[in-house]
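Beneath this line is the structure, given in structure tokens, with notes to follow.
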């Protein structure tokens, strides 16, 4: 699918401001990466929004702000909000970030300064969990601020808890959730630690859950939320799909051969689930048919083979349980990565139109091990993908391979790696790729409307 100028992402203040000098505030950029959080049923239930703040002010201006804050503190005055905390809260409240969350709440990493910012209360408490660093302190001023915000229905999570100490004891009554990196606590200590936190009535979040074994251990210990990419790893082919995968593969092979409408109609009729999705897609609002599509042939003509192929590729990853697309963590991850790569490749110097479809395919099929298992190269051979696509996925070669690495780095909020990869992918930079990622996430999280232009259809049996 081509991505024309009208569709290209706008670089909002969330990832590098394009405001005029008269409108712009201090030159502070805020970028966000999103990391999924799953519940005990394996459904997507929230995103951690990990911010990166880039302060481009002159050092003298930064020092002047710090000196003014120190004077206020010495005089017993309430310090003025810092420019960085103002930029963080403004960016978090931007519509583009909210649109990227597929209707789920955000868990936002906070600083002490931002916690005291008056603008914080412009953020709806239903939409956010504020994450407090474990070293934020537990003085009287902080406790009073937590109590004040709690009265306004804001909730708090204590991040990266690894031991029971005096600070934890003081903060525990005021936080709703405890985030524990299961890799940072000795396996023999973790069960007791988790049990104590559960007894205190806290929501337990397991971080660093990268394998099915990690997930099962944390699940058995009573953790309520799970953060990590275990769900995108091979599970021995155990993941259920919403339609038989062989039927989807057969359809993809047929689409690659440029079938006639009659051939495509015959193949689709063998798969009622596929027909249902196609009819829904054909009758979605942005197809502009002007009338209701009632036959399979009309639906094929209305959508076109490109839309059918894209929808079929993504459907490979849909969970067989009757869950909405926006609650399916693997489907959201695949769709976001594929769309990100499709958009990002158009920003590269000397980009070609045909590379957009290739980039989308690299993003989609970079996860095939999660559903098919077996050797990655063998699976890609069965899918009869072009060699540049296969080498990008397997060996991370060429521009598409580097874009795939860039997507992975952004998914993990590895900003140092993002910067290094952007240096080899001119003219991309961290601000641009962060904005593209939010645009891609918005597309992936839009369900119940058009699967081609606005997002993914709701996946149901």
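Taken together, the values in this text are just the output of simple stated rules run on the coordinates, not laboratory data. Everything numeric here is computed off the predicted structure, so don't read it as measured data. Positions of Cβ are generated from backbone atoms using ideal geometry, with glycine treated the same way; all protein chains shown enter the neighbour counts.
Mean residue ellipticity at 222 nm from the helices of the chain, using -39,500 (n - 2.57) per DSSP H segment of n ≥ 4 over the full residue count, to the nearest 500 deg cm²/dmol?
Helix contribution divided over all residues of the chain: -13500 deg cm²/dmol.
Of the beta bridges DSSP finds with both residues in the chain, what % are antiparallel, to the nearest 5?
Details: 14 of 35 bridges.
So the antiparallel bridges in the chain amount to around 40 percent.
Once the Cα atoms of helix 140-151 and of the chain are each reduced to a long axis, what angle between those two axes, in degrees from 0 to 90 to the nearest 10, is obtained?
Tilt relative to the chain: about 50 degrees.
In the P(r) worked out for the range 331-454, what percent of Cα pairs fall beyond 18 Å?
Numbers: 3837 of 7626 pairs.
Counting every Cα pair in the range 331-454, those more than 18 Å apart make up 50 percent.
For residue 292 and residue 198, what is the calculated FRET efficiency with R₀ set at 45 Å and r taken between the beta-carbons, to the nearest 0.05?
The calculated FRET efficiency here is 0.30.
Tell me whether the range 29-82 comes out rounded, prolate or oblate; compute the Cα gyration tensor, take square roots of the eigenvalues as a ≥ b ≥ c, and use a/c under 1.5 as the rounded threshold. Don't jump to the answer; show the numbers that get you there.
On the way: a/c = 7.26, a/b = 2.28, b/c = 3.18.
It is oblate, given that a/c is not under 1.5 and a/b is not larger than b/c.
Can you figure out the FRET efficiency of residue 381 with residue 306, using R₀ = 22 Å and their beta-carbon distance, to the nearest 0.05?
Working: r = 24 Å, r/R0 = 1.07.
According to the calculation, E is roughly 0.40.
In terms of the Cα gyration tensor, with a ≥ b ≥ c the square roots of its eigenvalues, is the range 297-362 rounded because a/c is under 1.5, prolate because a/b exceeds b/c, or oblate? Intermediate values should be presented prior to the final figure.
Values: a/c = 3.20, a/b = 1.31, b/c = 2.44.
Oblate is the answer for the range 297-362, as a/c is 1.5 or above yet b/c matches or exceeds a/b.
Counting other beta carbons within 10 Å of each Cβ, put 104, 160, 352 in order, fewest first.
On the way: 104 20, 160 15, 352 10.
By the 10 Å Cβ count, ascending, the order reads 352, 160, 104.
Can you give me the Cα centroid spacing of the range 343-402 and the range 26-89 in angstrom?
Between the Cα centre of the range 343-402 and that of the range 26-89, the gap is 36 Å.
Against the longest alpha carbon principal axis of the chain, how many degrees, from 0 to 90 and to the nearest 10, is the axis of helix 354-365 turned?
70
Could you give the angle, 0 to 90 degrees to the nearest 10, between helix 305-315's Cα long axis and the longest principal axis of the Cα atoms of the chain?
Relative to the chain, helix 305-315 is tipped by roughly 50 degrees.
Taking every pair of alpha-carbon atoms in the range 27-232, give the share separated by more than 20 Å as a whole percent. Walk me through the intermediate numbers first.
Numbers: 12740 of 21115 pairs.
Considering the range 27-232, 60 percent of its Cα-Cα pairs are separated by more than 20 Å.
Find how much the distance from residue 43 to residue 122 grows on full extension, using 0.36 nm per residue of separation minus their present alpha carbon separation; answer in nm with one decimal.
Numbers: separation 79, 0.36 × 79 = 28.44 nm, distance 2.87 nm.
Full extension of this stretch gives 25.6 nm more.
Could you tell me the extents of the chain's C-alpha atoms along the three principal axes, largest first, rounded to whole Å?
The Cα atoms of the chain stretch 81, 55, 45 Å along their principal axes.
Test of understanding: ordering 151, 127, 339, 310 by Cβ neighbours within 10 Å, fewest first, what list do you get?
Values: 151 8, 127 15, 339 28, 310 25.
Listing 151, 127, 339, 310 from fewest to most nearby Cβ atoms yields 151, 127, 310, 339.
Report the FRET efficiency, 1/(1 + (r/R0)^6), for residue 266 and residue 216, where r is their Cβ-Cβ distance and R0 is 41 Å, rounded to 0.05. Spell out each step's value before the answer.
On the way: r = 44 Å, r/R0 = 1.06.
My answer for the efficiency is 0.40.
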